[in-house]
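Taking it in order: structure first as structure tokens, then the write-up.
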Amino acid sequence: MLRTRPQVEREQAEIAGPAFQQWTYCAALGCALGAAGTLLAPAALHRLVRGDHARDALVDSANRCLMAGMAFLALALSTAMTLIMDMAFGGVPALVSGAAALFWFLLLWLLGPMHIRRRMRPVKPKGVHTAATSVPAGPAAPEAR
């Protein structure tokens with residue numbers, strides 16, 4: 001029996017495609033939900049916990065949520081790219097494009113900032129002291145009455 005190329009491709013997609021596509025879709029959806037939850041969590045926390053006494057805890061919590069949210073978002077977009085490319089071109093191009101997308105996010109959101117942070121050094125101008133590090137010279141001034 002002579003089969004045409006679209007028939008062969010359709011049969012191959014039916015054998016390997018649906019399960020991979022279903023799991024990829026579920027992974028993308030789960031990561032998108034994780035991204036939405038962790039990126040919006042600081043706003044809800046800020047509404048519930050107010051006051052200056054909680055500022056440090058809020059900032060620390062918001063920073064951790066942002067980092068987790070960015071990781072979830074990178075994974076969601078990469079798996080969505082993999083799913084779409086799998087539907088359009090097949091397995092190998094899908095995996096390559098998904099890995100490339102994930103690497104792009106890692107480069108922009110993790111490796112780039114780490115490189116900049118490593119290159120930055122605190123620069124103190126010579127002869128200038130901040131209020132926190134300056135030491136008064138001589139005896140203390142008398143109190144004003």
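For the peptides 108-119, 57-68, 23-34, the ranking by mean Cβ contacts within 10 Å, running from highest to lowest, is 23-34, 57-68, 108-119. Note: relative contact order over the stretch 30-125, using C-alpha pairs below 8 Å and six or more positions apart, is 26 percent.
Extending 7 Å from the Cα toward the beta-carbon at both A43 and Y25 defines two label points whose distance is 2.9 nm.
Modelled label positions at M87 and L33, each set 7 Å beyond Cα in the direction of Cβ, lie 2.0 nm from each other.
Here, each number is a calculation from the coordinates, and none is a lab measurement. No experiment lies behind these values; they were computed from the predicted model shown. Positions of Cβ are backbone-derived with ideal geometry, glycine not excepted, and every protein chain shown enters the neighbour counts.
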